[in-house]
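The values are calculated or read from the model by the stated rules, or taken from the named source; none is laboratory data. These numbers come from a predicted model, not from an experiment. Cβ placement follows ideal geometry from the backbone for every residue including glycine, while neighbour counts extend to all protein chains displayed. When the accessible area is computed, the model is the full protein with side chains, heavy atoms only, and any ligands, DNA or RNA have been set aside. Shrake-Rupley method; radii C 1.70, N 1.55, O 1.52, S 1.80 Å.
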Amino acid sequence: MKLRVFNKVFFSGIIFISIMLMAGCGRAYAAVQNESAVNRMIIYTDKGTERINRNIYGHFSEHLGRCVYEGFWVGEDSAIPNTRGIRNDVVEALKKINIPVLRWPGGCFADEYHWKEGIGPRDKRPKMLNTHWGMVTETNAFGTHEFLDLCEQLGCDAYIAGNVGSGTVEEMQDWVEYMTFDGDTEMTALRRANGRDKPWKVKYFGVGNENWGCGGNMPPESYAELYNRFQTYVRSYSGNEIVKIACGPGGENYPWMRVVMERSHRNMNAISLHHYVRGSGTWGQNEKGSATQFDEAEWFALMKNTLTVYPLLKGNIEIMDRIDPDKRIGLYVDEYGTWWDAEPGTNPSFLYQQNTLRDAVSCGIFLNAFNEHCERVKMANIAQTNNVLQAMILTKGEKMILTPTYHVFEMFKVHYDATMLPVELQSSDYRFGNNSIKALSVSASKDDSGRIHISFCNLDPGKTAEVRCALEGAEPKRISGRVLTAKTMTAHNTFENPEVVKPANFSNFKLEGNILTTTLPTKSVVVLEIQ
Ligand code: AHR
């Protein structure tokens, strides 16, 4: 047994040295090889070629539970401070994380949404049944004008998901014309009659959502044919260059990715991917596990499941690379995040869940993975902004709290539009029972003013992680840092105690020449800035 461990350590050391030498980094490696650090890293600070698209830090809001209603929309007559019906506190909080893009109105809801029911005087809008999310009445009070007003208040791009499952080509064409055409037509006259003279900019348009499931239960061949037809009529008007997004797979449905790419790649600018994660439970109702009551086995299970994002991206990108070798088409992970049982006492169809330090570390892993694959991943939209799934914000009447996941987005915004830096990481293991995973997740970038940012997650709730990192090609002078952690794995913010989990300054690091040494706390997210 001991010999096997020795062999493993010895040979992984040999492999690491070989990789470093092959990569022409003898000098940097020599500087770290004699150290006893458990984790070793090299960041090639002058070898970055790809930009991290800020849309990787995008969001998603659906007509589901209390995401849109209560989360954003309280109505003009509400006692909750609002601007044209949209609550000010939520807008302010999202502006602080520079929300770059917001996807709406679904989700599954998108493929039963008929946009014409959501325009005109609110008291005349027809009511509809929200069949996916609790069979509740949808008043249509929040429609196209309200959503685009919200995007203007947030200063973000709009990403609209159109209805393929139960909609028509004409309906989709009319919607795009209504929103973006500047000329004189029946649709633009209607828009003007509803109070909006100038067209909006709508940059992103999705042609359907999960059409392999709630969006019509189609085989990929049928969807690809429908996609080609529907997208023909999604036009760029009046200088609004629209980005067309095809519906991609959920998880490992690689045949879907292959067929849709093969048959429709010429007609798309991007294709989506959805990936939800949980602990050791199943996807059944009340079988996913509690968001707040869990032990280390469940912590470990989520970390392990979150790391599946790496092979998943690889598998889908390999298919895309075969069909689109020039990488013209973006991969948009336009739904992802943790999915737990709804909070006890809430409507299970409303998907309201709490959000702990565990969700924050999982989010950090996702974002590091997207950064690392930014050559192909051009957008990602965490599900969902308020009160639903892995939310940024929870509201209760006039109260609002920020979740640990919100804080991860706030800490990671330093990566927006920066150049991704290649990283070599030899991570220690996080062992639990007979299983083990890598203890560290990391990504790094350099912004336009030359500042380097490294975002780390230490997945291990029991061991701190010492890291020795060579900043190859840099002459660093100053370093600062922030950390998100807490005493317990289950720590979370509540309306009574809203600041249990929040970022703090971090100074447990040392710079010697271009060698950075740091010790990351257990179960933490740390972002360092090096100048
Ligand atoms: O985000 C909740 C649901 O998850 C979305 O409506 C759907 O697209 C996905 O299955």
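Determine whether residue 134 is of a type in the set (Gly, Ala, Ser), within 22 Å of residue 64 (Cβ to Cβ) and away from the ligand (no atom under 16 Å from the Cβ).
On the way: of a type in the set (Gly, Ala, Ser): yes; within 22 Å of residue 64 (Cβ to Cβ): yes; away from the ligand (no atom under 16 Å from the Cβ): no.
Criteria not met by residue 134.
When you look at residue 111, is it over 21 Å from residue 388 (Cβ atoms) and acidic (Asp, Glu), yes or no? Outline the logic, then answer.
Working: over 21 Å from residue 388 (Cβ atoms): no; acidic (Asp, Glu): yes.
Taking the combined requirement at face value, the residue does not satisfy it.
Out of the range 99-128, which residues are more than 16 Å from the ligand (Cβ to nearest atom), buried (at least 16 other Cβ atoms within 10 Å of the Cβ) and of a type in the set (Lys, Arg)?
Across the range 99-128, the qualifying residues are 116, 122, 125.
Pull out all pairs, ordered by first then second residue, where Cβ-Cβ is under 6 Å, the residues are six or more apart or on different chains, the first lies in the range 38-53 and is in contact (Cβ under 8 Å) with a residue 60 or more places away in the chain and farther than 27 Å from residue 270 by Cα, and the second is open to solvent by 30 Å² or more (accessible area, probe 1.4 Å) and small (Gly, Ala, Ser).
Hits for this filter: 45/473; 46/473.
Let me spell it out: the conditions are (1) within 16 Å of the ligand (Cβ to nearest atom); (2) aromatic (Phe, Trp, Tyr); (3) touching a residue at least 60 places away in the same chain (Cβ under 8 Å), and residue 283 meets all of them except one. Which number is the exception?
Tallying (1) within 16 Å of the ligand (Cβ to nearest atom); (2) aromatic (Phe, Trp, Tyr); (3) touching a residue at least 60 places away in the same chain (Cβ under 8 Å), residue 283 fails exactly one: (3).
Can you tell me which residues in the range 117-149 are over 22 Å from residue 210 (Cα atoms), out of contact with any Phe, Trp or Tyr (no Cβ under 8 Å at 6 or more places or on another chain) and outside any loop (DSSP other than H, G, I, E, B)?
Passing the criteria: 117, 122, 123, 124, 137, 145, 149.
Condition first: open to solvent by less than 20 Å² (accessible area, probe 1.4 Å) and either within 15 Å of the ligand (Cβ to nearest atom) or part of a helix (DSSP H, G or I) (or both). Now tell me which residues in the range 244-270 satisfy that.
Of the residues in the range 244-270, the ones open to solvent by less than 20 Å² (accessible area, probe 1.4 Å) are 245-249, 251, 256-257, 259-261, 264, 268, 270.
Selection gives 245, 246, 247, 248, 249, 251, 256, 257, 259, 260, 261, 264.
For the range 454-490, give me each residue that is open to solvent by 10 Å² or more (accessible area, probe 1.4 Å), of a type in the set (A, V, I, L, M) and not in a strand (DSSP E or B).
The answer is 474, 486, 489.
Report, by residue number, each residue of the range 152-177 that is closer than 18 Å to residue 239 by Cβ, open to solvent by less than 40 Å² (accessible area, probe 1.4 Å) and without any contact (Cβ under 8 Å) to a residue 60 or more places away in the chain.
Answer for the range 152-177, where residues must be closer than 18 Å to residue 239 by Cβ, open to solvent by less than 40 Å² (accessible area, probe 1.4 Å) and without any contact (Cβ under 8 Å) to a residue 60 or more places away in the chain: 158, 160.
What about residue 144, is it buried (at least 18 other Cβ atoms within 10 Å of the Cβ), touching a Gly at 6+ places or on another chain (Cβ under 7 Å) and at negative phi?
Details: buried (at least 18 other Cβ atoms within 10 Å of the Cβ): yes; touching a Gly at 6+ places or on another chain (Cβ under 7 Å): yes; at negative phi: yes.
Yes.
So, residue 184, is that one part of a loop (DSSP other than H, G, I, E, B) and either within 16 Å of the ligand (Cβ to nearest atom) or surrounded by fewer than 21 Cβ atoms within 10 Å (Cβ to Cβ) (or both) or not? Write out each step before concluding.
Values: part of a loop (DSSP other than H, G, I, E, B): yes; either within 16 Å of the ligand (Cβ to nearest atom) or surrounded by fewer than 21 Cβ atoms within 10 Å (Cβ to Cβ) (or both): yes.
The answer is yes for residue 184.
Within the range 338-372, count every residue that is part of a loop (DSSP other than H, G, I, E, B) and within 13 Å of the ligand (Cβ to nearest atom).
Here is the first cut: in the range 338-372, the residues part of a loop (DSSP other than H, G, I, E, B) are 339-347, 351-355.
Within this subset, residues satisfying the condition of being within 13 Å of the ligand (Cβ to nearest atom) are 339-340, 342, 351-353.
Number of matching residues: 6.
So that you can scan it fast, the table gives a plain yes or no per residue for (1) modelled with pLDDT under 95; (2) closer than 30 Å to residue 106 by Cα; (3) in a helix (DSSP H, G or I):
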site: 21; (1), (2), (3): yes, no, yes
site: 24; (1), (2), (3): yes, no, no
site: 28; (1), (2), (3): yes, no, yes
site: 32; (1), (2), (3): yes, no, yes
site: 35; (1), (2), (3): yes, no, no
site: 42; (1), (2), (3): no, no, no
site: 47; (1), (2), (3): no, no, no
site: 64; (1), (2), (3): no, yes, no
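Determine the pairs where a residue that is among the hydrophobic types (A, V, I, L, M, F, W, C), located within the range 106-131, has a partner that is more than 16 Å from the ligand (Cβ to nearest atom) and open to solvent by 50 Å² or more (accessible area, probe 1.4 Å) with Cβ atoms under 9 Å apart, the partner being 6 or more residues away or on another chain.
The qualifying pairs are 119/190; 128/114; 128/117; 128/137; 128/139; 129/137.
Inside the range 84-93, can you point out the residues that are over 25 Å from the mean Cα position of the chain (by Cα) and either loosely packed, with under 15 Cβ neighbours inside 10 Å or of a type in the set (Lys, Arg) (or both)? Steps first, please.
Start the filter on the range 84-93 by keeping residues that are over 25 Å from the mean Cα position of the chain (by Cα), which leaves 84-85.
Across the range 84-93, the qualifying residue is only 84.
Take residue 96 and tell me if it is more than 27 Å from the chain's Cα centre (by Cα) and either under 30 Å from residue 216 (Cα atoms) or open to solvent by 20 Å² or more (accessible area, probe 1.4 Å) (or both).
Values: more than 27 Å from the chain's Cα centre (by Cα): no; either under 30 Å from residue 216 (Cα atoms) or open to solvent by 20 Å² or more (accessible area, probe 1.4 Å) (or both): yes.
No: the conditions fail for residue 96.
A quick yes/no check of all residues on (1) over 26 Å from residue 73 (Cβ atoms); (2) within 16 Å of the ligand (Cβ to nearest atom):
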residue	(1), (2)
156	no, no
165	no, yes
188	no, no
206	no, yes
216	yes, yes
220	yes, no
229	yes, no
235	yes, no
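Got at least one residue in the range 219-233 being outside any helix (DSSP H, G or I), modelled with pLDDT of 95 or more and either open to solvent by less than 20 Å² (accessible area, probe 1.4 Å) or farther than 18 Å from residue 163 by Cα (or both)? Outline the logic, then answer.
Step one: filter the range 219-233 for residues outside any helix (DSSP H, G or I), giving 219, 233.
Okay, now just the ones that are also modelled with pLDDT of 95 or more, so 219, 233.
Going one step further and asking which of them are either open to solvent by less than 20 Å² (accessible area, probe 1.4 Å) or farther than 18 Å from residue 163 by Cα (or both), we end up with none.
Scanning the range 219-233 turns up no residue that is outside any helix (DSSP H, G or I), modelled with pLDDT of 95 or more and either open to solvent by less than 20 Å² (accessible area, probe 1.4 Å) or farther than 18 Å from residue 163 by Cα (or both).
Please state which of the following conditions residue 222 fails to meet, knowing it meets all the rest: (1) farther than 17 Å from residue 170 by Cα; (2) of a type outside the set (A, V, I, L, M); (3) in contact (Cβ under 8 Å) with a residue 12 or more places away in the chain.
For residue 222, the exception is condition (3).
May I ask you to list the residues in the range 187-215 that are over 15 Å from residue 235 (Cα atoms), open to solvent by 10 Å² or more (accessible area, probe 1.4 Å) and not small (Gly, Ala, Ser)?
Within the range 187-215, 190, 192, 194, 196, 197, 198, 210, 212, 214 meet the criteria.
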